[in-house]
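What follows is a short report on a single structure.
The values are calculated or read from the model by the stated rules, or taken from the named source; none is laboratory data. Keep in mind it's a predicted model, so treat the numbers as computed, not measured. Positions of Cβ are backbone-derived with ideal geometry, glycine not excepted, and every protein chain shown enters the neighbour counts.
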Amino acid sequence: MEFLRHAVVLVHLVGFAVLFGSWVVAATGARKFTRVMDGGLAIAAVAGLALAAPWGTDGDLNYVKIAVKLVVLLIIGAILGIGSGRQRRGAAVAPALFWSVGVLTLVNAGIAVLWR
């Protein structure tokens, strides 16, 4: 069971890497939201929800941390949705929206690592 949990953690990290990596690439170029960012967000979300389930371990889950990470994830998803909608209509993504995705993604990773 522990191996399976570690495999889900790996998938969760891959989702974060895809989201943050595609954001960094976009930050150095056109500063547009991409479908790769949406995919990374979806991977991280599904794996994160799977990690939030009790895995039969002796340790208690930190539900406050899980809730905070979920709220940050939903905010990132909302910003990506708003920005993608503006892009489809031909408008540029507001710089505040674009940069907030990167900052919130990094904050979410920081919460995962630093909050014990």
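Looking only at residues in region 94-105 that are among the aliphatic types (A, V, I, L, M) and assigned to a helix (DSSP H, G or I), the one that is surrounded by the fewest Cβ atoms within 10 Å (Cβ to Cβ) is Ala96. Only residues that are of a type in the set (Lys, Arg), over 21 Å from the mean Cα position of the chain (by Cα) and either assigned to a loop (DSSP other than H, G, I, E, B) or surrounded by 15 or more Cβ atoms within 10 Å (Cβ to Cβ) (or both) were counted in region 81-93, giving 1. Scanning region 22-37 for residues that are closer than 22 Å to His12 by Cβ and not hydroxyl-bearing (Ser, Thr, Tyr) returns Trp23, Val24, Val25, Ala26, Phe33, Arg35, Val36, Met37. The listed residues are Ala96, Ala78, Ala67, Ala44, and the only one of them that is under 12 Å from the mean Cα position of the chain (by Cα), modelled with pLDDT of 95 or more and farther than 15 Å from Phe16 by Cα turns out to be Ala78. Yes or no: region 26-36 includes at least one residue that is part of a helix (DSSP H, G or I), surrounded by 13 or more Cβ atoms within 10 Å (Cβ to Cβ) and within 14 Å of the chain's Cα centre (by Cα). Within region 26-36 (the criterion being part of a helix (DSSP H, G or I), surrounded by 13 or more Cβ atoms within 10 Å (Cβ to Cβ) and within 14 Å of the chain's Cα centre (by Cα)), the answer is yes, since at least one residue qualifies.
Filtering region 52-111 to residues that are among the hydroxyl-bearing types (Ser, Thr, Tyr) and closer than 12 Å to Phe33 by Cβ leaves Ser84, Ser100. When we screen Gly48, Gly110 for residues that are part of a helix (DSSP H, G or I) and surrounded by fewer than 16 Cβ atoms within 10 Å (Cβ to Cβ), the only hit is Gly110. Return the pairs, sorted by first residue and then second, in which the second residue is outside any helix (DSSP H, G or I) and exposed (fewer than 15 other Cβ atoms within 10 Å of the Cβ), the first residue lies in region 1-27 and is at pLDDT 95 or above and polar (S, T, N, Q), the beta carbons are less than 9 Å apart, and the residues are 6+ apart or on different chains. Once the first residue is at pLDDT 95 or above and polar (S, T, N, Q) and sits in region 1-27, no partner that is outside any helix (DSSP H, G or I) and exposed (fewer than 15 other Cβ atoms within 10 Å of the Cβ) comes close enough. Return yes when His6 is at negative phi, outside any loop (DSSP other than H, G, I, E, B), loosely packed, with under 12 Cβ neighbours inside 10 Å and not charged (D, E, K, R) and no when it is not. Yes; evaluated as a whole, the condition is true for this residue.
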